[in-house]
1. Label the chain by shape, choosing from rounded, prolate and oblate, from the square roots a ≥ b ≥ c of the eigenvalues of the Cα gyration tensor; if a/c is under 1.5 it is rounded, and otherwise prolate applies when a/b is larger than b/c, oblate when it is not.
2. Calculate, for Asn25 and Leu51, the FRET efficiency according to 1/(1 + (r/R0)^6) with r their C-beta to C-beta distance and R0 41 Å; round to the nearest 0.05.
3. Could you calculate the FRET efficiency of Lys82 with Ile5 from 1/(1 + (r/R0)^6), where r is the beta carbon distance between them and R0 is 22 Å, rounded to 0.05?
4. State the percentage of accessible surface on the chain attributable to carbon and sulfur atoms; use a 1.4 Å probe and exclude ligands, DNA and RNA.
5. Over the stretch 95-144, with the other protein chains present, what is the accessible area per residue in square angstrom, probe 1.4 angstrom?
6. Given the options Ile66, Leu36, Phe151, identify the residue whose Cα lies farthest towards the positive end of the charge dipole of the chain (+1 on Cβ of Lys, Arg; -1 on Cβ of Asp, Glu).
7. Run down the lysines and flag those whose C-alpha is under 26 Å from the C-alpha of Lys164, throwing out any fewer than 8 positions away in its chain.
8. Let me spell out the model: positive unit charges on the Cβ of Lys and Arg, negative unit charges on the Cβ of Asp and Glu, origin at the Cα centre of the chain. What dipole size does that give, in debye rounded to 20?
Amino acid sequence: LEIAIEYAEDTRIEDFLIESKEILNLDDKFCILTNLCDCLLSDGVTEDHELELFRLIADSFGISQISFQAHFNNLKIKNDKKLLGTFNSESLILNGQSAHLPLAGSLLYMMAADGNIADEEIGQLQVVIGEFDGLQAAAMKTVRSVKMKLFLKQASPLLTQDQKIFILLNVCDSMMADGKIDVIEDNLFQHMLTSFTVSMSNIKSYYETIIIKNIKTF
């Protein structure tokens, strides 16, 4: 990161793009663009200058807006926190008023699945729920006291289909954050799909986008 910051400070974007063309293949370019897209969408506000820079990089990579549109749409849904409902003190319990606790709980169950919470997973958790005061603490308390199967069984009927998709996409992103998918994590994700009555075919396009973003080709 320090090297990248120094490089970015000393190098014009035009020179960077010229140099990048020589070392990146098509898979590398899509991996980079999906990460850039996820970054610019993560705060829920898409600034014009961010979109302009993104399009400049995509054009330089030879990736058209049409060919990337599906990934953009998928990542936009993954970052659309408005789907969770209004956050307040009632969001810290399972009551159907919001999907904040089901999201945070599901993320924590996934992060702890392999017995090792990676730095990438901690970072992703902060990006997703860090803005909601008290949510992480409430979710930690819930996860420690309630078995995952019971938690999912209680949460599922309280969620809309869109909320379930949102949660599953962010759990999927957390699962792949370290660049690999462990068997125990995949089994847990499949259980979440079943508990939320969502088939793999329903999220196939989203799943493929998240694989491109997280499974680094370089």
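1. Note, shape of the chain comes out prolate.
2. In this case the efficiency is close to 0.95.
3. Computed FRET efficiency for Lys82 and Ile5 comes out at 0.10.
4. The value for the chain is 55 percent carbon and sulfur by accessible area.
5. 43 Å²
6. Phe151
7. Lys76, Lys78, Lys81, Lys82, Lys141, Lys147, Lys149, Lys153, Lys180, Lys204, Lys213
8. Charge dipole of the chain: 1500 debye, to the nearest 20.
The values are calculated or read from the model by the stated rules, or taken from the named source; none is laboratory data. Remember, predicted model here, so these are calculated numbers, not experimental data. Heads up, the Cβs are rebuilt from the backbone with ideal geometry, glycines too, and the neighbour counts pull from every protein chain shown. Keep in mind that these areas ignore ligands, DNA and RNA; they rest on the heavy atoms of the full protein, side chains included. Shrake-Rupley method; radii C 1.70, N 1.55, O 1.52, S 1.80 Å.
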